[in-house]
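Q: This is the structure I want to talk about, given as C-alpha cells.
The values are calculated or read from the model by the stated rules, or taken from the named source; none is laboratory data. Model, not experiment: these values are computed from the prediction. For neighbour counting, all protein chains shown are included, and Cβ atoms are generated from backbone atoms with ideal geometry for every residue, glycine included.
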C-alpha cells in the first residue's frame, strides 16, 4: 500500500493543496484512498468535510496524536498532509510509513533556502535509501526565470522536479467545494491536467 507524504516545514507553500489534489487523483483511478492530516490546522480534514456526496470517495484517516498509526484495512493508497515545522523525531516517525515524499516548493529565494535544511534532513534519514523524493514547484510558471532557478537548485541536490502547479484561482475555488481538478470535466481544466501528467506518472511508479 503506497503512502505518499507531502511535507515541507515551511508554512504556506501549498502542502494541503498538493495533498488534496493527489488524493483526488488516486480517487479518480478508483483506488480506495485515505487522506490523513497531521497538521493542527486540519486543512485537509476541513476540505474533506466540504466534499460533495456525489464525488469519488476519499476516506478520512483520523490519526489522532499517533503519527505512526496504521490506516484501516481495505485502504489501497494513503496521502498524508503534514504540519509546518516538521523535523526531528516526528519527521522520523512519519517517514517510517512513507514510500514517497513530495515536497512542495515555491520559487522564491526565501522558500528555497528555508527548505534546504529539511531536504538535507530527509537525505540523512535512515529511510532515505528506501524513499522516493520529488519536488513540485508551486504557484509558478515553468517558463519563467524563477522556475529555472528552482530547477537549478533542486538539480544541485540531486532530486527531481516532478512538475509545476501554476498560480490559478482554480485551486482556490475547487478547495472551497471539496473538489480537485480530477473531479471536473477535462476540458474545463485542461491546462492544469497537463501540468499534472508528469506528477501523476511519478506517483504511479
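Q: Those residues that are under 16 Å from residue 174 (Cβ atoms) and more than 14 Å from the chain's Cα centre (by Cα), I need them from segment 1-46; list them, please.
A: If the condition is that a residue be under 16 Å from residue 174 (Cβ atoms) and more than 14 Å from the chain's Cα centre (by Cα), then 27, 28, 46 are the ones that fit.
Q: Only one of (1) closer than 18 Å to residue 200 by Cβ; (2) touching a residue at least 60 places away in the same chain (Cβ under 8 Å); (3) exposed (fewer than 13 other Cβ atoms within 10 Å of the Cβ) fails for residue 17. Which number is that?
A: Unmet condition: (3).
Q: State whether the residues of segment 80-93 include one that is modelled with pLDDT of 95 or more, under 25 Å from residue 205 (Cβ atoms) and either part of a loop (DSSP other than H, G, I, E, B) or in contact with a strand residue (DSSP E or B) (Cβ under 6 Å, 6 or more places away or on another chain) (or both).
A: So far as segment 80-93 goes, no, none of its residues is modelled with pLDDT of 95 or more, under 25 Å from residue 205 (Cβ atoms) and either part of a loop (DSSP other than H, G, I, E, B) or in contact with a strand residue (DSSP E or B) (Cβ under 6 Å, 6 or more places away or on another chain) (or both).
Q: Yes or no: segment 50-58 includes at least one residue that is modelled with pLDDT of 85 or more, in a helix (DSSP H, G or I) and more than 18 Å from the chain's Cα centre (by Cα).
A: As a first pass, look at segment 50-58 and keep what is modelled with pLDDT of 85 or more: 50-58.
With in a helix (DSSP H, G or I) added as a condition, the list becomes 50.
Applying the additional criterion that residues be more than 18 Å from the chain's Cα centre (by Cα) yields 50.
Checking segment 50-58: at least one residue is modelled with pLDDT of 85 or more, in a helix (DSSP H, G or I) and more than 18 Å from the chain's Cα centre (by Cα).
Q: Restricting to segment 84-105, name every residue that is under 12 Å from the mean Cα position of the chain (by Cα) and either surrounded by fewer than 21 Cβ atoms within 10 Å (Cβ to Cβ) or free of Cβ contacts under 8 Å to residues at least 12 places away in the same chain (or both).
A: Of everything in segment 84-105, just one residue is under 12 Å from the mean Cα position of the chain (by Cα) and either surrounded by fewer than 21 Cβ atoms within 10 Å (Cβ to Cβ) or free of Cβ contacts under 8 Å to residues at least 12 places away in the same chain (or both), namely 100.
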